[in-house]
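Have a look at the structure below before the remarks.
Every number here is computed from the coordinates shown, using simple stated rules; none is lab data. The model shown is predicted, which means the values in this text are computed figures rather than measured ones. Cβ placement follows ideal geometry from the backbone for every residue including glycine, while neighbour counts extend to all protein chains displayed.
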């Protein structure tokens, strides 16, 4: 965990706490987090929670990575983790993790003009990125990490040359599919981020195997020292910490395989990584420079969205939301933002087929690489897009969302559904002023009586919507407002 404050517009770290619980080591053979691993993590989060409890909600980001992406019981664990920490926890996709790592590294160095390769070896995954300035050009999350490779190739801590060679080859094979892409892009300098690579760098320097960077020759010497020890318990290397000792062999094998596959000659350890990337990404959101807004615009272009219609619909949707957010106990800022995004993208499925386009759109949002979005965020967007058409129910939304977000998704969906009915003609005609009264599970729309008489199809649509929403426990009524 890192805590920072803004000084002259830039984040300055004022507190840093680190606990190594190796969550990846807690996955059992069925890919469930063991009770011991959960207990270690929850104790850590309880301690961290004391430090962040009083910080404003929009100034805190907490993310989970590979292990929580893989664990089958992560949803149950996260519910308890959120309760203990007192803050929301996002699980981010691998490519989003790579983007944030790159952002953290890019902000920690002062070589703006160069093209750089960034490598981050975690417990269960390894992120590769090539980028320029603050923009990644290529990024991948590989299914290999120091814990995963240690478990697979060095079980029970036994270290041998044969096992090291197998692990090194496996790492090279893992990156084979991306090798040509990265080599063709090329880079001026390679950087390594996070604990595994920083630990290897410190060991090489202290052992006299390297001076100012990690090199292939230095890694060769380190592999020999590891094999010579014979067992992880016997590893005695300068700057090797006790918590890093059990997984060092796996990390060195992964890094060696990457050096082989990509032809890396020299790698500089970076002080910045995922946490620093999260800080700068959060700073962008606070300054209304949210990368997610850019992602939405890219998707609108990619899927040929009718921007004129989505803008008209958005005005109506947000008008309804502003009138109903308090009554429906929805956070005004976050709810408005997600509803706006869902409205802008609700028709992307038309690029596949008009038949069932809401299902196509939901699939695209759930499975696409969306910069800045967590997995939960994408699931919420997908649920609203799925629910805006045909039948809607809590049970349908609950099939794709954690329980804590079902009610939010339903209510955001209702705003979009009602606005969509009002814009049935899709034309540029102005929708009249809508006064809406919201109860705990009800909406009363007041529309000018002359407009309702002039638009009988829209009125019929709204009455049909009232029948659909009644099945979801929402009462919709339409009242005629007298002419002014």
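Tabulated data for the structure shown
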{"quantity": "Translational diffusion coefficient (Stokes-Einstein; Kirkwood radius from C-alpha pairs) of region 426-480 at 4 °C, 1.567 mPa s, in µm²/s", "calculated": "109"}
{"quantity": "Between 0 and 90°, nearest 10: helix 74-85 axis offset from the chain longest Cα axis", "calculated": "90"}
{"quantity": "Computed [θ] at 222 nm, deg cm²/dmol, the chain (DSSP H ≥ 4; -39,500 (n - 2.57); rounded to nearest 500)", "calculated": "-16000 deg cm²/dmol"}
{"quantity": "Cα long-axis angle, helix 307-324 against the chain (0 to 90 degrees, to the nearest 10)", "calculated": "80"}
{"quantity": "Mean Cα-pair separation over length for the chain, i.e. relative contact order, pairs under 8 Å, 6 or more apart, %", "calculated": "12"}
{"quantity": "Order of 321, 415 under a 10 Å beta carbon neighbour criterion, fewest first", "calculated": "321, 415"}
{"quantity": "Proxy reagent accessibility, fewest Cβ within 10 Å first, across 297, 148", "calculated": "297, 148"}
{"quantity": "Scaled radius of gyration (Cα, divided by 2.2 N^0.38 Å) that region 173-262 gives", "calculated": "1.13"}
{"quantity": "Rounded to 5, percent antiparallel among DSSP beta bridges of region 94-277", "calculated": "70"}
{"quantity": "Angle in degrees between helix 375-387 and the longest Cα principal axis of the chain, rounded to the nearest 10", "calculated": "20"}
{"quantity": "Rg followed by Dmax, in Å, when region 94-277 is reduced to its Cα trace", "calculated": "15.2, 46"}
{"quantity": "Cα gyration tensor shape of region 258-298, rounded if a/c is under 1.5, else prolate or oblate by comparing a/b with b/c", "calculated": "oblate"}
{"quantity": "Cα gyration tensor category, rounded, prolate or oblate, for region 290-430 with a/c compared to 1.5", "calculated": "rounded"}
{"quantity": "For region 330-383, convex hull of alpha carbons as volume per residue, Å³", "calculated": "78"}
{"quantity": "Average silhouette area of region 349-409, convex hull of alpha-carbon atoms, in square nanometres", "calculated": "4.1"}
{"quantity": "Gyration tensor (Cα) of region 2-91, equivalent ellipsoid semi-axes in angstrom", "calculated": "27, 13, 12"}
{"quantity": "Between region 378-450 and region 56-126, the Cα center-to-center distance that results, in Å", "calculated": "32"}
{"quantity": "Packing-based exposure ordering (other Cβ within 10 Å, fewest first) of 137, 55, 33, 452", "calculated": "55, 137, 452, 33"}
{"quantity": "Cα gyration tensor shape of the chain, rounded if a/c is under 1.5, else prolate or oblate by comparing a/b with b/c", "calculated": "prolate"}
